[in-house]
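Engineer: One structure, pasted below without further comment.
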Amino acid sequence: MRYSDGFRQPAAAEALVRMLHERMAVARSRRGAIAVMEVCGTHTMAVGRHGLRRRLPEGLRLISGPGCPVCVTDAGYIQTAIELAESGLGIATFGDLLQVPTAGGDSLAACRARGGRVQVCYSPLDALRAAAAEPGREWVLLAIGFETTIAPVLATLQRAHDAGLGGLSALVAFKRVLPAMEAVLADGRTAIDGFLCPPHVSTVIGAAAYRTIAERHGRPCVVAGFEPLDILAALVALVELVAEGRAEVRNEYARVVKEEGNPRAQRLIEEWLEPCAARWRGLGELPNSGYRLREDRARYDAERRYGVTVRTGRDAPGCRCGDVIAGRMDPPQCPLFRRMCTPDSPVGPCMVSSEGSCAAWFKYERAEAAAPG
Amino acid sequence: MSAEDRVQLAHGGGGRMMAEFIERHIRARFGEGPLRDLPDASRLAWTGPEVVFTTDSYVVQPRRFPGGDIGSLAVHGTVNDLAVSGARARWLSLSLILEEGLPLAEVDEVLSSVAVAARACGVGIATGDTKVVGRGQCDGLFINTAGIGEPIAGYALSCETIRPGDRVLVSGTIGDHGLAVLAARERISVAGGGPVSDSAPVIGLVETVADLAGAVRWMRDPTRGGLAAVLNECVTGRPWGIEIVEQRIPLAPATGALAELLGVDVLHVACEGRVVAVCAAEVAEEIVRRWRARADGRQAADIGVVVERPAGAVVLATRVGGRRLVDLPRGELLPRIC
Ligand code: SF4
């Protein structure tokens, strides 16, 4: 049996679904409907992929949050990456960024087709390989993402550093999850009763990190894995905590996530990075919500090295990604969804990224699939 | 390795070196039948009024992977396209595009693999061509094969004949080929052994149910885009849809584990030795029984049904009792797997 099969047992799923319905019935009689935000784009995808939304009890709503790295990255970032490629630098990037359109309809994929040296990586280490294979060229690694991706990117820079490989730098737009969760609450336009917290980020920052959200903002937080049974179990816990008015942190993924997180990764972050204000699509500029390379690592910072600045970009006209990311709107409510905007010709990043909400809804939850067969 | 052991531009130049190359590498293997006198075109005996004709190019990278190589793949792929069209392949063409500098020993290995696979499939090589391009102008070795085949009596395959209530069958585990190639290319090591390509002829599977052909509505080999792509192709624009059941879809443990690890939906991953068929409900059990009795169909399964609604869509009933759309794969998910 595959590892994951153990977490998808039909009988166990039925039992959890029944429990969830029972708990929700209690919760509704006490306090009405409940809205839970799944912070991470991979959770959104998992909900779609396993058809979980159809199994939710009435009154329980899942809202996608700001946890898709490609989606929250400001439009200006892609523009700067294209400019760097056009100046003759090699660009190493995860595939997801390739198709993200700028407001003017350009993209890294189009830049590559025009002859730009844009290389798709499966792991940040591929950037090292690319740099080693073409020593005559300087390379820029596109470094976006949350605590999860930060660690491997820094480990790569560290290896370049140790090996004395001078030609590699990073265009950094790292983000921190917690300030985004706080910003969504502060925005206040979407009622959120609790958070389903991302597993991979939590392995780095630790489950204890969510105490701020629970204690300061009064919202329960439950850390959950990506398997459907993990998600169902976490929802049972969340509904119960919300119904009882208990703003606590629960770790339903203790088989991987530790209370204190991963000290080694945290140390690497401290060595290389310092917190800074960051711009988020949909949430605007948030203090202390991002990281930049420290002064003593400036030579690895593509912005400082090549004298470029990521300017605030314009989103494509009509795209509601900002509202989708902040949980103010479900993708089908965007007037462009399915009509003008599809994964084949995406208008905004939420339709491009494999973790994007619009892509998840398009892929798995279009109206005809939701209808009973 | 000296220059003589590698492909040179002159091997495709039409002169003495090319003649020697053809003699030593091609005719030594394929010189039995119509290629004996190296004609510009071959004249072939034919029975029956119809031929079934197809072509495909093979650029798989790496050229060797667990379960096969570009040579056997170039035979199986084309023979299988004919088989799922209800035809038995008789003759193949074989065109090679070689990159200057490729070791001749590797060319030999590939050609031997072509010869072995062709013999196993019962097809002959009727004509061929070799071109050599300069270094960096192609990635090692590309193959094109075209195939002609004879229709197998009784098969009148068409999506048009499908009706709600028909069953959807698959002859074995899915996604093995694509993930085996990906693991080999990215050098992903998997504890306990990684996925193994299913590259193999499917003609036996098609012939073994030929007496039920009238009740078989439609067949495909789920190559690029996997099961999801062929089922979507089947339902698009139709007044009915398909519902498949996650638990019934055969999956090799190593393939499932790697797909999970990489976050790839295995429904989108190519097979190279499977048949997907839609048939009348009355014959479904019998077809699965006969397939399972064979080594190449041991894990065959009835995985779903043609439904009235939702029309034009493929839906997956998930293990946890949910339902979701099975969409077409997008973009370059797994480039150069065949
Ligand atoms: S559907 Fe497209 S245009 Fe609308 S919010 Fe999503 S990505 Fe933007």
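Engineer: With a cut-off of at most 16 other beta carbons within 10 Å, and DSSP calling the residue loop, which trypsin sites (Lys or Arg not before Pro) in the stretch A:155-195 qualify? Please list them.
Structural biologist: Details: sites: A:Arg159, A:Lys175, A:Arg176, A:Arg189; in loops: A:Arg176, A:Arg189.
When the trypsin sites (Lys or Arg not before Pro) of the stretch A:155-195 are filtered for loop state and at most 16 Cβ neighbours within 10 Å, A:Arg189 remain.
Engineer: What FRET efficiency would be calculated for the residue pair B:Arg298, B:Val51, taking the C-beta separation as r and a Förster radius of 41 Å, to the nearest 0.05?
Structural biologist: On the way: r = 33 Å, r/R0 = 0.80.
With a Förster radius of 41 Å, E is 0.80.
Engineer: Still on this structure, please answer the following. With just the Cα atoms of the stretch A:1-94, tell me how far they stretch along each of the three principal axes, in Å, largest first.
Structural biologist: That works out to 61, 40, 14 Å along the principal axes.
Engineer: OK, next. What does the convex hull of the Cα atoms come to per residue for the protein assembly as shown, in Å³?
Structural biologist: 169 Å³
Engineer: Hey, another quick one. Could you calculate the FRET efficiency of A:Arg189 with A:Ala133 from 1/(1 + (r/R0)^6), where r is the beta carbon distance between them and R0 is 51 Å, rounded to 0.05?
Structural biologist: According to the calculation, E is roughly 0.55.
Engineer: For the stretch A:321-364, with only Lys/Arg (+1) and Asp/Glu (-1) charged at the beta-carbon, what is the dipole magnitude about the Cα centre, in debye rounded to 20?
Structural biologist: Approximately 120 debye in magnitude.
Engineer: Taking only Cα atoms, what is the 0 to 90° angle, nearest 10, from helix A:75-86's long axis to the longest principal axis of chain A?
Structural biologist: Tilt of helix A:75-86: around 30 degrees.
Engineer: While we're looking at this one, here's another question. In a Gaussian network model over chain B where Cα atoms closer than 10 Å are linked, find which of B:Gly193, B:Gly149, B:Gly124 has the largest mean-square fluctuation.
Structural biologist: Taking springs between Cα atoms under 10 Å, the residue moving most is B:Gly193.
Engineer: In the full protein assembly as shown, how much of B:Glu260 is accessible to a 1.4 Å probe, in Å² to the nearest 10?
Structural biologist: Counting only protein heavy atoms, the figure is 50 Å².
Engineer: Just to make sure I understand: if all protein chains stay in place, what is the order of B:Thr236, A:Thr148, B:Thr130 by accessible area at 1.4 Å, largest first? Intermediate results must be reported in sequence, preceding the final value.
Structural biologist: Numbers: B:Thr236 90, A:Thr148 50, B:Thr130 10 Å².
Final ranking, largest accessible area leading: B:Thr236, A:Thr148, B:Thr130.
Engineer: When Cβ neighbours within 10 Å are restricted to other protein chains, what is their mean count per residue of peptide A:45-55?
Structural biologist: Average neighbour count from other chains, rounded to a whole number: 5.
Engineer: Quick check on chain A: helices-only [θ] at 222 nm, where DSSP H runs of length 4 and up contribute -39,500 (n - 2.57) each and the sum goes over total residues. Nearest 500, please.
Structural biologist: -11500 deg cm²/dmol
Engineer: Continuing with this model, one more query. Can you tell me how much longer the chain between A:Arg31 and A:Glu86 gets when fully stretched, taken as 0.36 nm per residue apart minus their C-alpha distance, in nm with one decimal?
Structural biologist: Gain on extension, A:Arg31 to A:Glu86, equals 14.1 nm.
Engineer: Next question, about the same structure. Could you state the orientation-averaged shadow area of the convex hull built on the Cα atoms of the stretch B:68-182, in nm² to one decimal?
Structural biologist: 9.5 nm²
Engineer: So, one more: Using only the alpha carbons of chain B, what is the convex hull's orientation-averaged projected area in square nanometres? Spell out each step's value before the answer.
Structural biologist: Values: hull surface 73.5 nm².
The number I arrive at for chain B is 18.4 nm².
Engineer: Tell me what chain B gives for mean residue ellipticity at 222 nm when only DSSP H runs of n ≥ 4 count, each as -39,500 (n - 2.57), the sum divided by the residue total, rounded to 500 deg cm²/dmol.
Structural biologist: Taking each H run of at least 4 residues, the total per residue is -7500 deg cm²/dmol.
Engineer: What's the average, rounded to a whole number, of partner chain beta-carbon atoms within 10 Å of each residue's beta-carbon in B:241-247?
Structural biologist: Values: counts 3, 1, 1, 0, 0, 4, 3.
Neighbouring Cβ atoms belonging to other protein chains average 2 per residue here.
Engineer: To continue, here is another question. Out of B:Gly192, B:Asn232, B:Ala210, whose Cα points farthest toward the positive end of the dipole of the stretch B:169-319 (charges: +1 Lys, Arg; -1 Asp, Glu; placed on Cβ)?
Structural biologist: B:Gly192
Engineer: To the nearest 20 debye, what is the magnitude of the charge dipole of chain A about its Cα centre, counting +1 on the Cβ of each Lys and Arg and -1 on the Cβ of each Asp and Glu?
Structural biologist: 460 debye
Engineer: If you split all Cα-Cα distances of chain A into 10 Å bins from zero, what percentages do you get per bin, shortest first?
Structural biologist: With 10 Å bins starting at 0, P(r) equals 5, 24, 32, 25, 11, 3, 0.
Engineer: Starting from the 7 Å offset along Cα-to-Cβ, what nm value, one decimal, do you get for the label separation of A:Glu22 and B:Arg238?
Structural biologist: It works out to 4.3 nm between the two label points.
Engineer: How high is the FRET efficiency between A:Arg339 and A:Asp162 when r is their beta carbon distance and R₀ equals 41 Å, given to the nearest 0.05? Write down the numbers at each step before the final one.
Structural biologist: Working: r = 51 Å, r/R0 = 1.25.
Efficiency computed from Cβ-Cβ geometry: 0.20.
Engineer: Where both residues lie in chain B, what percent of DSSP beta bridges are antiparallel, nearest 5?
Structural biologist: Around 75 percent antiparallel, to the nearest 5.
Engineer: When you look at the Cβ of every residue in B:256-268, what mean number of other chain Cβ atoms sits within 10 Å?
Structural biologist: Mean shielding by partner chains, rounded to a whole number: 2.
Engineer: Got the relative contact order for chain B handy, in percent, Cα pairs under 8 Å and 6 or more residues apart?
Structural biologist: Rounded, it is 22 percent for chain B.
Engineer: Let me ask something else. If packing is taken as the average number of other Cβ atoms within 10 Å across a peptide's residues, how do B:1-12, A:234-245 rank, most packed first?
Structural biologist: A:234-245, B:1-12
Engineer: Checking the cross-link filter: which lysines have an alpha carbon closer than 29 Å to that of A:Lys175, excluding same-chain neighbours under 8 positions apart?
Structural biologist: Reachable lysines: A:Lys258, A:Lys363.
Engineer: Restricting to DSSP loop positions (anything but H, G, I, E, B) with no more than 12 other Cβ atoms inside 10 Å of their own Cβ, which GluC sites (Glu not before Pro) remain in the stretch A:56-165?
Structural biologist: Answer in residue order: A:Glu58.
The values are calculated or read from the model by the stated rules, or taken from the named source; none is laboratory data. Everything numeric here is computed off the predicted structure, so don't read it as measured data. No Cβ is skipped: glycine too gets one built from the backbone with ideal geometry, and neighbour counts run over all protein chains shown. Keep in mind that these areas ignore ligands, DNA and RNA; they rest on the heavy atoms of the full protein, side chains included. Shrake-Rupley method; radii C 1.70, N 1.55, O 1.52, S 1.80 Å.
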